[in-house]
1. Mind checking which aspartates and glutamates have their C-alpha under 12 Å from K252, skipping anything on the same chain fewer than 8 residues away?
2. Once a ≥ b ≥ c are taken as the square roots of the eigenvalues of the Cα gyration tensor of the range 239-295, is the result rounded (a/c under 1.5), prolate (a/b larger than b/c) or oblate (a/b not larger than b/c)?
3. At a threshold of 8 angstrom on Cα-Cα distance, excluding pairs fewer than six apart, so keeping six or more, what relative contact order does the range 138-242 reach in percent?
4. Could the peptides 101-111, 252-262, 347-357, 375-385 be put in order, highest first, of the mean number of other beta-carbon atoms found within 10 Å of their residues?
5. Over its Cα atoms, what ratio of radius of gyration to 2.2 N^0.38 Å does the range 56-111 give?
6. Among A347, Q335, L308, which residue has its Cα positioned farthest towards the positive end of the charge dipole of the range 266-366, with +1 placed on the Cβ of Lys and Arg, -1 on the Cβ of Asp and Glu, and the dipole taken about the Cα centre?
7. What whole-number distance in Å separates the alpha-carbon centres of the range 60-134 and the range 165-199?
8. Determine how many Å³ per residue the convex hull of the Cα atoms of the range 58-204 encloses.
Amino acid sequence: WGQKEDSMGRGEQILIAIIAVSLLQLIVFRSNILEKQTTYESDQVLISLPKKVESPPGVARIRAWLDGAPRGEWHEIAKYVIDQAIAENLLTEKAPHSSASITVVSGFWDYRKMDSNAEGIYKHSFEHSLDQFTNSVFSVGVPSVLFVDDYVFDQLRPLIDDDQTKLIKLPLETLEAMLGPVMHTMKEIQKNPKWNAQAGWLTNSPQARLKSFNLSGFSKIFLLREASRLNPFNTKSFMWLEAGSGCIQGPKFGAQIKIFNRFFDRFFATYFNYEVMGEVHGFPRAPFLTFTGAPASQTSFRILKTHLMGGQSFHIEVVAVVFELALRATLSNPQQLSLGVDECVWAIVNYRFPRLFHLFSNDNSCLESESYDNSCDGFRNGALHCAAIDMALNGLPSRKGAKTA
């Protein structure tokens, strides 16, 4: 009886071992599939605020496309979504009428609550930044949706005109929860000595030291989308204006803002030509080339600036999804150290899908240009990062020095 019991025990052990190995293989196989899929499932893509506004009809289509997209690299899924949108004529390339109203969208927070060391890293004090915001973006005098925290809300509430300004309370903690899937990886990379050692300036930079800097930067497109879905002023187009931009001259800019309708046949953004040698804003060159798909010999790239960007509602919907797919992909492996600023992810998206964008050159835009992005070879525009706003206020500069509307 004892020998039979031992024999059965060994047999059971073998059987259990076989089952265990099979289950382990199944779990590993399943986890490999999930590792590829979790980034792209429609319940995880489409980052949004906890309190959702009613989504426009096209959003359901995007979710269906994401569910139906073949599993693969982020850009393959993004291409599928874009192709479907084009096939269904949802990505119109017809610009709004030149007189159409545009809703300005921005955000401003008391970053000191999240980053007590912020004022030692930023060039200006919070009070100076708040004054600048109040006298620039806040006073453009056009329909506006502004995301702010409780403190800024209390400062601005007595000043607003409810007929043209929608002030929305949005604490930085809520933004952090919204970007939860990627914030953890950002923090992990920020603490990595190899990432910090790429350049002498990086260790004490805002993107290395301040949580609020990354939160506000990477959330812009999602807040622009939330505002377009809310659409309290019933406009067709929406433009993000950077809260800390020193280029905007309040009401004067607001009076000329409709000039940007000409760029809203696609998603509008501005760019600089940038030589990517070792890293770009902290994003290492090697993974940057991998994500763009650019050849190893390429050094010059268009780095998109996000202080001024926007477009029509469905352009924003599609671009936001593509941006999120790229963002999640770059942060899927912390060991790649693929963290820079949001402009790096925008550069990757633009390189892969330039047909989504109507770009404007900050480097060399000029009146004589016949290029889609208003660029002029051999010319240097002195306005640089203010070039698009300068164009709205004063007209494009001419090679001969004069400016003409």
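The values are calculated or read from the model by the stated rules, or taken from the named source; none is laboratory data. These figures come from a predicted structure and were not determined experimentally. As a convention, Cβ positions derive from the backbone with ideal geometry for all residues, glycine included, and neighbour counts pool all protein chains shown. Ligands, DNA and RNA are excluded from the accessible area calculation, which covers all protein heavy atoms including side chains. Shrake-Rupley method; radii C 1.70, N 1.55, O 1.52, S 1.80 Å.
1. Within the straight-line limit of under 12 Å, K252 reaches these aspartates and glutamates: D390.
2. prolate
3. 23 percent
4. 101-111, 347-357, 252-262, 375-385
5. For the range 56-111, the normalised Cα radius of gyration is 1.58.
6. Highest projection toward the positive end goes to A347.
7. Taking the Cα centre of the range 165-199 as reference, the centre of the range 60-134 is 15 Å away.
8. Once divided by residue count, the hull of the range 58-204 is 201 Å³.
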